[in-house]
Amino acid sequence: MSDLNILSEQTVDMPDAPYQARHFIDGEFAQSADGQKSDRVSPSHGVVVSQAALGSNVETEAAIRSARAAFDDGRWSRLPAKDRAAILNRIADLIEANVERLAVIETLESGKPISQARGECGGAADLWRYAASLARTVHGDSHNALGDDMMGVVLKEPIGVVSIITPWNFPFWILSQKLPFALAAGCTCVVKPSEVTPSTTAMLGEFLQEAGLPAGVCNIVLGYGNPVGSLMTTHEDVDMVTFTGSTAVGKLITKSAGETLKKVALELGGKNPQVIFPDADLEQAADAVTFGIYFNVGQCCNSSSRVIVHEDVADAFVARVVALSRKVVFGNPMNSDTQVGAIVTTDHQAKIDGYVRQAVAAGAEVCLGGHIMSVPGLGTQFYEPTVVRGVTPDMAIVREEVFGPVLTVLTFKTLDEAIALANDSTYGLSAGVWSENIHTCLEFCRRVQAGTVWTNTWMDGFPELTFGGMKQSGQGREIGKYGFEEFLEVKSLVMRIGRKRAPWVRTA
Ligand code: NDP
């Protein structure tokens with residue numbers, strides 16, 4: 001489509017050679033015992049940008065064994081929280097010192113624009129610092145009114161060995177939503193990134209080593225969901241699994257981890273609505289809707305893929321979103337001005353296109369885009385900014401996670417109808433409301449089924465504010481105080497403090 005804003009020039013240099021990503025087990029970097037590796041071909045540039053060790057049960061067993069030993073001997077869990085916090089802060093320093101290196105490989109593996117990758121990798125350091133600050137806040141309760149000779153104390157302790165399984169859409173950011181919080185709590189970990197974006201997780205191993213994290217406290221195994229991820233969710237030496245990814249795999253993990261009754265925390269998909277009332281600042285709302293659908297090419301659990309707009313303003317609003325969509329800079333991710341990059345894999349691109357084709361066949365109207373896009377000099381693993389109207393709530397494009405730059409538009413007449421449409425989803429991750437009326441906003445916030453609700457903004461986030469989903473968007477929470485608490489177990493101490501205890505056996 002000729003009137004889109006497509007940037008093909010490059011401003012950032014390509015690395016000299018593919019990054020060699022290795023496992024990090026028991027404090028040492030290693031290739032796989034059987035020498036297996038996988039190549040990652042950049043979705044935007046079509047060249048091999050990394051080669052990663054492909055793990056098997058051998059490496060996964062070794063990593064779990066190492067994490068178990070490191071937990072059980074207390075080298076981390078019994079370290080004073082002050083010392084744990086100091087190491088986490090040193091890791092944050094090293095992340096900040098290496099942002100450009102991280103961002104370049106993250107960009108080339110994922111297809112996201114370099115400016116966004118810089119923001120995510122740099123911003124992740126703040127998650128590490130916030131987690132470090134929480135390490136020193138662990139405390140429970142005391143009960144001093146149980147009787148003269150009794151005292152009760154409720155302790156919080158690290159839950160144990162945690163398996164961390166992450167996806168490809170925000171590899172370093174999502175890792176940093178989990179790992180530093182688990183470490184701050186005193187847990188030891190085994191981490192598996194997606195096999196299509198393994199490198200920044202492997203690079204983190206360098207920082208963990210340099211910062212002085214004791215060997216075995218965090219182990220990284222590279223490889224596929226099966227066998228690596230699968231063993232991480234079934235092994236009896238693992239106490240908890242925290243996973244971000246698809247709802248389908250989340251359900252599988254819940255079942256397999258259930259065999260040994262592990263705690264499971266899941267951050268899954270979303271089909272997130274932004275609801276636009278006619279009294280809203282429509283210019284701001286249109287900009288936020290445009291951002292919400294194209295950020296990370298829509299490959300984002302928080303993507304606002306459903307706009308629900310009042311029918312009185314729908315035509316003008318959609319026209320404004322279409323006009324703004326034409327101005328968004330799509331194209332070469334290795335240009336600092338690019339806002340939207342490539343699609344992660346060709347399979348995923350075909351899935352996105354399939355949703356659009358299916359909706360068109362069912363009578364939907366494509367107001368903009370709707371096709372695979374090519375960027376001069378880079379190829380065709382891109383997708384046009386796409387706005388689809390004339391959809392009905394039962395269509396797959398409205399109900400399922402398209403995970404692409406594809407916005408659907410529904411309309412409403414009343415507040416009740418808007419809330420019913422917003423809640424008409426198996427997902428419940430996030431939602432947004434746009435209105436100048438505080439009563440409208442508050443009523444929407446109370447009644448919408450979502451773990452995060454934004455009013456007159458979209459996707460602002462802070463380490464302090466916990467994140468997670470209702471319904472089939474997940475269970476448990478991440479980041480913030482509540483996310484930290486997921487990694488803590490609770491233990492009651494019942495203590496006799498008097499010298500005498502009334503005997504149970506009558507000896508006289
Ligand atoms: P998956 O859920 O398949 O993968 C996420 C992670 O889980 C990867 O590290 C993957 O490994 C691993 N994994 C896969 N199978 C298992 C298993 N049986 N046991 C343990 N771990 C496993 O997501 P996809 O990458 O396939 O994406 C598919 C869809 O999921 C997307 O189209 C999107 O709709 C949704 N998604 C949602 C995300 C979110 O942020 N909520 C993130 C990513 C995807 P590997 O792939 O390396 O084999």
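Nothing in this text is a laboratory measurement; each read-out follows from the coordinates by a stated rule. This one's a predicted model, so the numbers in the text were calculated from it and none came from an experiment. FYI the Cβ positions are ideal-geometry reconstructions off the backbone, even for glycines, and counts take in every protein chain you see.
Assorted remarks:
- Spacing of the modelled spin labels on V494 and R447, each 7 Å from Cα toward Cβ, amounts to 4.7 nm.
- Scanning residues 5 or more positions from L407 or on other chains, those with amide H under 5 Å from its amide H are T386, V387, V388, with H placed 1.01 Å from N in the peptide plane.
- Highest-first arrangement of 67-77, 142-152, 28-38, 225-235, where packing means the average Cβ count within 10 Å: 225-235, 67-77, 28-38, 142-152
- Translational diffusion of the stretch 351-508, µm² s⁻¹ [Kirkwood Rh, Cα pairs; Stokes-Einstein; 37 °C; 0.692 mPa s]: 165 µm²/s
- For I220, the amide hydrogen comes within under 5 Å of the amide hydrogens of F24, I25, V191, counting only partners 5 or more places away or on other chains and with H modelled in the peptide plane.
- Restricting the stretch 93-136 to trypsin sites (Lys or Arg not before Pro) that sit in a DSSP loop and have at most 13 other Cβ atoms within 10 Å of their own Cβ leaves R136.
- GluC sites (Glu not before Pro) within the stretch 267-371, DSSP loop, no more than 15 other Cβ atoms inside 10 Å: E311
- Per the Debye calculation on the stretch 90-223 with a single equal scatterer at every Cα and no solvent contribution, log₁₀ I(q)/I(0) for q = 0.09 Å⁻¹ amounts to -0.32.
- Remark: the chain carries a charge dipole of roughly 1760 debye about the Cα centre, counting +1 on each Lys and Arg Cβ and -1 on each Asp and Glu Cβ.
- The chain, Rg to Rh (Cα coordinates; Rh as Kirkwood inverse mean 1/r): 1.02
- Chain lengthening between T260 and D34 when straightened (0.36 nm per residue, less Cα-Cα): 78.4 nm
- Separation of alpha-carbon centers, the stretch 34-71 and the stretch 455-508, rounded to whole Å: 34 Å
- The largest-to-smallest principal axis extents of the Cα set in the stretch 416-508 are 78, 28, 26 Å.
- Average projection area in nm² (convex hull over Cα atoms of the stretch 1-150, one quarter of hull surface): 15.8 nm²
- Taken one residue at a time, the phi angles of the stretch 406-417 give Karplus couplings (6.51, -1.76, 1.60, θ = phi - 60°) of 10, 9, 10, 10, 10, 10, 9, 10, 10, 4, 4, 5 Hz. Gly and Pro are set to x.
- Only Cα sites of the stretch 107-166 enter the Debye sum here, all with the same form factor; the resulting log10 I(q)/I(0) across q = 0.14, 0.19, 0.20, 0.22 1/Å is -0.69, -0.91, -0.95, -1.00, listed in q order.
- Computed from phi, the 3J(HN,Hα) profile of the stretch 442-459 under the Karplus parametrisation 6.51, -1.76, 1.60 (θ = phi - 60°) reads 5, 5, 4, 4, 5, 9, 7, 9, 7, x, 9, 10, 9, 10, 6, 6, 8, 6 Hz, with x in place of Gly and Pro.
- Taking amide H atoms as placed 1.01 Å from N in the peptide plane, the amide H of G432 lies under 5 Å from those of Q274, V275, W454, each 5 or more residues away in sequence or on another chain.
- Relative contact order of the stretch 78-125, pairs being alpha-carbon contacts under 8 Å that are 6 or more residues apart, as %: 41 percent
- Secondary structure note: in the chain, about 45% of the DSSP beta bridges are antiparallel.
- A DSSP coil position with no more than 15 other Cβ atoms inside 10 Å describes the following chymotrypsin sites (Phe, Trp or Tyr not before Pro) in the stretch 422-508: W504.
- Calculated from backbone phi, Karplus (6.51, -1.76, 1.60) coupling profile of the stretch 265-276 in Hz, x at Gly/Pro: 10, 10, 10, 10, x, x, 9, 7, x, 10, 9, 10
- Shape metrics for the stretch 441-482, restricted to C-alpha atoms - Rg then Dmax, Å: 10.9, 26
- FRET efficiency, K351 to V41 (Cβ-Cβ, R0 25 Å, nearest 0.05): 0.85
- Shape category assigned to the stretch 188-250 from the gyration tensor of Cα positions, a/c cut at 1.5: oblate
- Cα-Cα over 23 Å, subset of K262/K351; K271/K351; K112/K471; K156/K481: K262/K351; K112/K471
- Each label point was placed 7 Å from the Cα along the Cα-to-Cβ direction; for I438 and D83 their separation is 5.1 nm.
- Computed from label points 7 Å out along Cα-Cβ, the spacing between A145 and V360 is 7.0 nm.
- The sum of -39500 (n - 2.57) across all DSSP H runs of n ≥ 4, divided by the residue count of the chain, sets its helix-only mean residue ellipticity at 222 nm to -11500 deg cm²/dmol.
- Charge dipole of the chain about the Cα centre (unit charges at C-beta), most positive-ward option of A396, N226, W434: N226
- Relative contact order %, the chain, counting alpha carbon pairs below 8 Å whose residues are six or more apart: 19 percent
- D394-D73 FRET efficiency (beta carbon distance; Förster radius 41 Å; 0.05 resolution): 0.15
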